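Student: Here it is, the structure in full.
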Amino acid sequence: MLLEKQNSPAGAVVGRFAPTPSGFLHLGNVFCSLLAWLYAKSRGGKLVLRIEDLDPQRCTRQSADQLAGDLEWLGLTWDEGAYVSADSESYFQSQRSAIYAHYFAQLQEQGLIYPCFCSRSELHAAEAPHLSDGRIIYAGTCRHLTQERRRAKAPTRATASMMATMRAKALSWGWKAVTLLCAAVMGFLPIN
Ligand SMILES: [Zn+2]
């Protein structure tokens with residue numbers, strides 16, 4: 001579901017604020033919320049509040065409640081989303097895991113993602129010559145591992161209490177390929 005399109009006439013401006021409820025509202029939250037609010041309201045649009053509570057270790061409903069209350073107290077109210085819409089719960093990311101799992105399974109079935117077993121230090125070591133403006137460009141070390149190699153490497157990560165990172169094959173082809181990948185997953189393009 002694209003929140004920005006829901007119940008909005010074509011061309012209508014919809015702002016979105018999506019805080020992580022891992023503690024009290026901080027100045028960064030207020031600044032971002034204010035910008036989104038001003039942008040939407042100055043153009044006669046509306047504001048959506050989405051709660052990014054995907055990390056169960058850090059995010060609590062209590063923090064989300066507090067955060068929403070603080071935004072209201074500041075006058076940075078929203079028109080759609082958590083706490084105000086009839087389907088309020090669907091604006092909490094933690095309630096949408098099944099949707100993401102569904103599309104993740106599709107990517108796996110179509111062979112469009114692969115497990116990466118590289119540690120952070122290995123990624124840095126492999127990419128040292130290619131570092132630019134602080135970004136790391138993945139060398140594709142794990143992209144073409146055989147099933148046997150993947151099975152052999154998996155226990156290493158399990159022992160270290162780390163799951164393998166899943167990488168999208170299309171990312172190394174650039175944004176045009178990513179767009180095609182999304183279109184394929186959504187059923188607009190055939191994948192061979
Ligand atoms: Zn890797």
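Each value in this text was obtained by applying a stated rule to the coordinates, not by laboratory testing. This one's a predicted model, so the numbers in the text were calculated from it and none came from an experiment. Using ideal geometry, Cβ is built from the backbone for each residue, glycine included, and neighbour counts are taken over all protein chains shown.
Student: Sort E109, E72 by Cβ crowding within 10 Å, fewest neighbours at the top.
Tutor: Numbers: E109 9, E72 13.
Lowest count first: E109, E72.
Student: For all pairs of alpha-carbon atoms in region 14-96, what percent lies in each bin of width 5 Å, listed from the first bin to the last filled one?
Tutor: 3, 17, 27, 27, 17, 7, 1, 0
Student: Now for a different question. May I ask for the net charge around G111, where only other residues with Cβ less than 15 Å from the Cβ of G111 are counted and Lys, Arg are +1 while Asp, Glu are -1?
Tutor: Working: positive: R143, R150, R167, K169; negative: E109.
With Lys, Arg at +1 and Asp, Glu at -1, the net is +3.
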